[in-house]
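A short worksheet on the structure shown next.
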Amino acid sequence: MSRAAYYYPQKMGRIILQSMEEVMGRDGVNTVLHLASLESLIDNYPLASAERTFPFGSISRLQGALEQAFGPQAGHGLALRIGRAAFKYGIKEYGSLLGVTEPTFRLLPFTTKLRTGLTLLAGLFNKNTDQRVRVEEKSGQIIWNIECCPLCWKRKAEEPVCHLAVGLLEESLYWLSGGKVFNVQETACFACGDPACIIVIDREPVA
């Protein structure tokens, strides 16, 4: 992709801000929006629209402002929690579209449901956003490759910073598996100079 600007739909921007508010309250969101120079969004969240006009740059600045407001470690932890909340909002918005809330999907064998669910989630991003995700399987692991990422857009960091995506995947796996916990780790990130953001998921749950 070679365009100068990339976008999420308005409704996904809204989901991110709603998730932030659930985790840190309205005052916390307002603080982060000030630090991110996104004051226009204070008490003015995007509409629940499919219009693809919420910039990657705004999403990335929100992630950086979390760390600026609360420190790197606390900011990372908040981003994980926001990602988990975002999945819950997202499944309400997109679950029926994906077909993952249908009884036939819920009755699939565990391994099939896991693989199919993550592939459908990747397809949701690829079809409805400018984010690009590729899913592959390697020796007991599922690899979530983000090849155009809004979370670290134009950021520089010493370690991977796409914690919201990790939280989103953690919660999606918990939901798909009916309550199991998986090891999910980002091992590469554009912000660190890597050619893609890579999140590695162990196929076998840890709990």
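Bear in mind that the values in this text are calculations on the coordinates, not laboratory data. Keep in mind it's a predicted model, so treat the numbers as computed, not measured. Here Cβ is always computed from backbone atoms with ideal geometry, including for glycine, and neighbour counts include all displayed protein chains.
With +1 on each Lys and Arg Cβ and -1 on each Asp and Glu Cβ, and nothing else charged, work out how big the dipole of the chain is about its Cα centre, in Debye to the nearest 20.
Working: 22 positive and 21 negative charges, 93 e Å.
Dipole magnitude for the chain comes out near 440 debye.
For the pair ALA207 and GLN68, what calculated FRET efficiency results from E = 1/(1 + (r/R0)^6), where r is the Cβ-Cβ distance and R0 = 41 Å, to the nearest 0.05?
Details: r = 33 Å, r/R0 = 0.81.
E between GLN68 and ALA207, to the nearest 0.05, is 0.80.
Dipole of the range 33-94 computed with +1 at Lys/Arg Cβ and -1 at Asp/Glu Cβ about the Cα centre; of ALA86, LEU47, GLY64, farthest Cα towards the positive end is ALA86. Computed FRET efficiency, Cβ-Cβ of LEU108 and ASP27, R0 30 Å: what is it to the nearest 0.05? Once the sixth-power term is evaluated, E becomes 0.10.
Mean separation of Cα pairs under 8 Å and 6+ residues apart, divided by the residue count of the chain: what relative contact order is that in percent? Walk me through the intermediate numbers first.
On the way: 360 pairs, mean separation 42.8, N = 207.
The value is 21 percent.
Separation of the range 35-55 and the range 150-207 by C-alpha centroid, Å? So the two Cα centres are separated by 24 Å. Relative to the longest principal axis of the Cα atoms of the chain, the long axis of helix 56-70 lies at roughly 80 degrees.
By other beta-carbon atoms within 10 Å, ranking LYS138, LYS11 with the fewest at the front produces LYS138, LYS11.
For LYS180, a cut-off of 18 angstrom between C-alpha atoms picks up these aspartates and glutamates, skipping any fewer than 8 places away in its own chain: GLU170, GLU171, ASP202, GLU204.
Residues whose amide H lies under 5 Å from that of TYR6, counting only those 5 or more places away or on a different chain, are PHE56, GLY57; hydrogens are built 1.01 Å from N in the peptide plane. Name the most mobile residue of LEU107, LEU17, LEU38, meaning the one with the largest mean-square fluctuation, in a Gaussian network model of the chain with Cα contacts below 10 Å. Largest GNM mean-square fluctuation: LEU107. Using DSSP loop states and a limit of at most 14 other Cβ atoms within 10 Å to flag GluC sites (Glu not before Pro), what is the longest stretch of the chain containing no flagged site? Between the exposed loop sites, the longest stretch runs 52-157.
Looking at the P(r) of the chain, how many percent of alpha-carbon pairs lie beyond 27 Å?
Numbers: 5614 of 21321 pairs.
Here the tail beyond 27 Å accounts for 26 percent of pairs.
Angle of helix 110-128 to the longest C-alpha principal axis of the chain, folded into 0 to 90 degrees and rounded to 10: 40°.
For CYS197, the residues whose amide H sits under 5 Å from its own are ILE146, PHE190, ignoring neighbours fewer than 5 places away on the same chain, with H placed 1.01 Å from N. Pairing the Cα long axis of helix 10-35 with the longest principal axis of the chain, what angle in degrees results, from 0 to 90 and rounded to the nearest 10? Rounded to the nearest ten degrees, it is 50.
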